[in-house]
Amino acid sequence: DQQVKQNSPSLSVQEGRISILNCDYTNSMFDYFLWYKKYPAEGPTFLISISSIKDKNEDGRFTVFLNKSAKHLSLHIVPSQPGDSAVYFCAASATTSGTYKYIFGTGTRLKVLA
Amino acid sequence: ETGVTQSPTHLIKTRGQQVTLRCSSQSGHNTVSWYQQALGQGPQFIFQYYREEENGRGNFPPRFSGLQFPNYSSELNVNALELDDSALYLCASSLDLLRQGVEGYTFGSGTRLTVV
């Protein structure tokens, strides 16, 4: 039972254009969501977070949107740069007594073409 | 500030053996989580330690156990290794419990365990 799904295994985008990475979840108790980026042979790097009380959070070129009714999360990267080429994971947690057990999706490989 | 360091980087073990993986948290971080990432999958939560106590566990059998030390470094122990335990094991630390919602974790580069 996969509670966090990233249905697109890969995505290619031209440099300078928008990259949109999507994530769906099934558990309505999830209240914190994270996006991570992973380069080969490195651990995942935290990008941006959003809590369920918000529907948007921005940090520079990265914006995360949360649609709770659709149980859908998306990450927008504008403008995309070749250095953004990596695997992107979304993760969600239902917080219980201060414990965060993040459940990760399977990742989307983004390739930004120069 | 130093990040999260894990050792060893690669390891090959035989089925039935035991293994200990080590993790040094980022300076000042008192919360450590361990994740298993199988090939082509996202990381799966094994357990979390906060100030030397286990603070949550995922769907892993008891042969997966851990420790956190007073300096907040941590160990993951796996007994009776099975072929399916072959994976990348990631350690992640955070400044404290509540920051995980906003700041997430800092991950190490992982230990690649191969069970033959």
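Every read-out reported here was derived from the displayed coordinates using simple, explicitly stated rules and does not represent laboratory data. Nothing here was measured: the structure is a model prediction, and the numbers come from that model. Every residue, glycine among them, receives a Cβ derived from its backbone with ideal geometry; neighbour counts consider all protein chains shown.
A count restricted to the stretch B:62-116 and to residues that are away from every other protein chain (no Cβ under 11 Å), assigned to a loop (DSSP other than H, G, I, E, B), more than 12 Å from the chain's Cα centre (by Cα) and crowded, with 16+ Cβ neighbours inside 10 Å stands at 4.
Could you say which residue among A:Tyr88, A:Tyr32 is within 12 Å of another protein chain (Cβ to nearest Cβ), aromatic (Phe, Trp, Tyr) and touching a Lys or Arg at 6+ places or on another chain (Cβ under 6 Å)? Criteria check complete, one pass: A:Tyr88.
Taking the criterion of being in contact with a Cys (Cβ under 7 Å, 6 or more places away or on another chain) and either among the basic types (Lys, Arg) or under 22 Å from A:Ser93 (Cα atoms) (or both), the only residue of the stretch B:46-104 that qualifies is B:Cys91. Picking from residues in the stretch A:86-102 that are among the aliphatic types (A, V, I, L, M) and within 27 Å of A:Ser12 (Cβ to Cβ), the one that is nearest to the chain's Cα centre (by Cα) is A:Ala91. Listed by position, the strands (runs of 3 or more DSSP E) enclosed by chain A that each have at least 1 residues that are under 30 Å from B:His10 (Cα atoms) and of a type in the set (Ser, Thr, Tyr) are A:10-14, A:32-38, A:45-51, A:86-93, A:108-113. For the stretch A:27-51, a residue qualifies if it is within 9 Å of the chain's Cα centre (by Cα) and not aromatic (Phe, Trp, Tyr), and the qualifying residues are A:Leu34, A:Lys37, A:Leu47, A:Ile48, A:Ser49. Of all the residues in the stretch A:60-75, those that are surrounded by fewer than 21 Cβ atoms within 10 Å (Cβ to Cβ) and either within 23 Å of B:Gly40 (Cα to Cα) or within 11 Å of chain B (Cβ to nearest Cβ) (or both) number 2. Could you please find all residues in the stretch B:36-61 being under 20 Å from A:Pro40 (Cβ atoms), in contact (Cβ under 8 Å) with a residue 24 or more places away in the chain and part of a loop (DSSP other than H, G, I, E, B)? If the condition is that a residue be under 20 Å from A:Pro40 (Cβ atoms), in contact (Cβ under 8 Å) with a residue 24 or more places away in the chain and part of a loop (DSSP other than H, G, I, E, B), then B:Ala38, B:Leu39, B:Pro43 are the ones that fit. Summed over the stretch A:77-104, residues that are closer than 15 Å to A:Phe46 by Cα and either surrounded by fewer than 18 Cβ atoms within 10 Å (Cβ to Cβ) or β-branched (Val, Ile, Thr) (or both) total 3.
Taking the condition closer than 28 Å to B:Cys91 by Cα, touching a strand residue (DSSP E or B) at 6+ places or on another chain (Cβ under 6 Å) and among the basic types (Lys, Arg), does A:Lys71 pass? The answer is no for A:Lys71. Checking the stated criteria, B:Gln48 turns out not to satisfy the condition of being facing another protein chain (nearest Cβ under 8 Å) and either in contact with a helix residue (DSSP H, G or I) (Cβ under 6 Å, 6 or more places away or on another chain) or surrounded by fewer than 22 Cβ atoms within 10 Å (Cβ to Cβ) (or both). Listed by first and then second residue, the pairs with beta-carbon distance under 6 Å, at least 6 apart or on different chains, first residue in the stretch A:94-114 and facing chain B (nearest Cβ under 7 Å), second of a type in the set (Ser, Thr, Tyr), are A:Tyr100/A:Ser93; A:Lys101/A:Ser93; A:Tyr102/A:Ser93.
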